[in-house]
Structures are given as C-alpha cells and as structure tokens.
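Here is the structure we will look at, set down as structure tokens.
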Amino acid sequence: NGTQNLWLLKPGCSSRGRGIKIYKTYERVVDRLHLLRGNTILWVVQKCIENPLIVRGRKFDVRQWVLVTDWNPLTIWMYSECYVRFCVAEYDPKGESRKNHLTNNSVQKKFADFAGSDIEGNMYSQGEFQDHLQEETGEDIWTDKLVGQIKKYVKASLQSVQDQIDNRKNSFEFFGYDFMVDEDFRVWLIEVNSSPSMDRDTPVTERLVNMVLTDLPKVIIDYPAARNKSKCDTGGFELIHQN
C-alpha cells in the first residue's frame, strides 16, 4: 500500500538494532533473501508505515513495559509510564540510513550528533510527549486516542500466543513493547522484546528504570501474598487483563 516502498529486514532473534538492513524497494529485499537462502536464522520483513507521525522533524517509537505474571489465567500488567525514542536525524522517507529510521537508542547513540541532539537524551518522557501532542492539536491525544489502542494490542498479542507458552507458576515475563503512531493517531505494534534494556544512560531512562525496578517486587512478590489484593500497593503497574 502507498508509494514510498521502504522496507526493513531484521534478524528474528537479535536485539539493539543489530543486523537490520533498510531497502528502498521490495526487489532488493527479495534479492537479499535469496542470498540468505540456507541460512538458519529466521528473518522478519516489515514494510515501513507510509505516514508516520513526525515530531520535531523526526521519526520516533514508543517503548512500553509489560509484565506477565501468569499465562493461565493470562495475567497482564502494564506500566503506567512509557517513553519515546527519537532518531537523531530528520525523517527522510526516501533514504536508507539507519540514522533516519531505526529509533532504537542503542543504534542512535552511536552517531556523533547524538550528544548534541536538541532533545535531551534523544528521548521524551510520556508527559513530554503528551504535552507536545496537546500543544499541537489542542486535545489530550495520548489519553483519548493512544493509550487505549496500546492496551488493546498488548492484550491481543499475548492472547495470540497464550496457548503456545509452557506455563510455569511463580515466575514472570517482562517485555518491552515497541509501538509507532501514524498521522491519523493510529497505533502500530512493531515488535515485542524479551529482556528489554534497563540502561540508565539518559535522564528519562535513569528515572523510569529506577522506578520500575522498585515496583516489580511489589507485583511479583507482595501482590500474590496479599490477602486484600485491592489494597496492595503495585506501584506504577496496572492490571489490564486477567482471564
């Protein structure tokens, strides 16, 4: 769909943006996959969104933390605060540079102009993102349009694999969900990461990582032992599904 025809080819079991290639035509993707034939690595091919929402001239994604404390019944918690990661360079739909398209902080911080970014740490907190959208539109887009979609796709994605997971009681999984937003304020799920980065290398992540690591024991240790679940302090975690 559309005319930009920009594609990402990524190894299915890698992390931190390693091994991702950007191609301007589908034919180049096919040619590359032919060269990889016989390779035991699984590859993911994704077509880039035609109309991504651009903030301050840049492409971005939203990192949302999700906690699963049981797969049967499926019990899903979402952290109350996410954060937004930017590319250091202005968006160029016709370019193939990782600097323009891969919002992963592990990729962007390797570019020389990362330190001089006019966005501190090349990240927004949820509050900063919410304020920006309010200033641009006059509406609380985050609350009214985005967060509900994020919860919907978190639940749907986990329900889709619930029967494939070997459930083990008294354990948990902690995920980093990556979402993008388009100009129509539709949310798109890009990928789900196991063992998400807990680096504290920006002011945003320094504050949030400390918060979430403090709150995790409240959910995985205190909550199961609490007699009155409704009064148990779960910190920034919200129970969004249990079934």
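The values are calculated or read from the model by the stated rules, or taken from the named source; none is laboratory data. Predicted, not measured: the structure shown is a model, and the values here were computed from it. All Cβ positions, glycine included, derive from the backbone under ideal geometry; neighbour counts span all protein chains shown. Ligands, DNA and RNA are excluded from the accessible area calculation, which covers all protein heavy atoms including side chains. Shrake-Rupley method; radii C 1.70, N 1.55, O 1.52, S 1.80 Å.
Using only Cα atoms, find the angle between the long axis of helix 126-137 and the longest principal axis of the chain, and express it within 0 to 90 degrees, rounded to the nearest 10. Result, in degrees: 60. Taking every alpha-carbon pair under 8 Å whose residues sit at least 6 apart, the chain reaches a relative contact order of 22 percent. In the Gaussian network model of the chain, springs joining C-alpha atoms below 10 Å, which of Glu27, Glu206, Glu50 carries the largest mean-square fluctuation? Of Glu27, Glu206, Glu50, the most mobile in the Gaussian network model is Glu27. Packing order of peptides 62-68, 89-95, 36-42, 123-129, highest average first: 62-68, 123-129, 89-95, 36-42 (average count of other Cβ atoms within 10 Å over each peptide's residues). Helix content alone sets the calculated 222 nm mean residue ellipticity of the chain: runs of n ≥ 4 DSSP H residues at -39500 (n - 2.57) each, divided across all residues, give -7000 deg cm²/dmol.
Once both labels are positioned 7 Å from their Cα atoms along Cα-to-Cβ, the gap between Leu239 and Ile54 label points is 4.5 nm. Each of Lys229 and Glu173 was given a label point 7 Å from its Cα along the Cα-to-Cβ line. The distance between the two points is 2.0 nm. Of the residues Leu53, Asn39, Val84, the one whose Cα sits farthest toward the positive end of the charge dipole of the stretch 33-96, with +1 on the Cβ of Lys and Arg and -1 on the Cβ of Asp and Glu, is Asn39. The simple Förster model, with R0 at 22 Å and r as the Cβ-Cβ distance, assigns Glu135 and Glu90 a FRET efficiency of 0.65.
Share of carbon and sulfur in the accessible area of the chain stands at 47%, probe radius 1.4 Å.
For the listed peptides 72-80, 214-222, 156-164, a ranking on the average number of other beta carbons within 10 Å per residue, highest first, reads 72-80, 214-222, 156-164. Angle of helix 147-161 to the longest C-alpha principal axis of the chain, folded into 0 to 90 degrees and rounded to 10: 80°. Match the structure shown to one of the listed values (1) 0.98; (2) 1.01; (3) 1.12 of Rg/Rh (Cα atoms, Kirkwood Rh), computed from it, and give that label. Looking at Rg/Rh (Cα atoms, Kirkwood Rh) for this model, the match is (1).
A 1.4 Å probe, protein heavy atoms only, puts the accessible area of Met211 near 60 Å².
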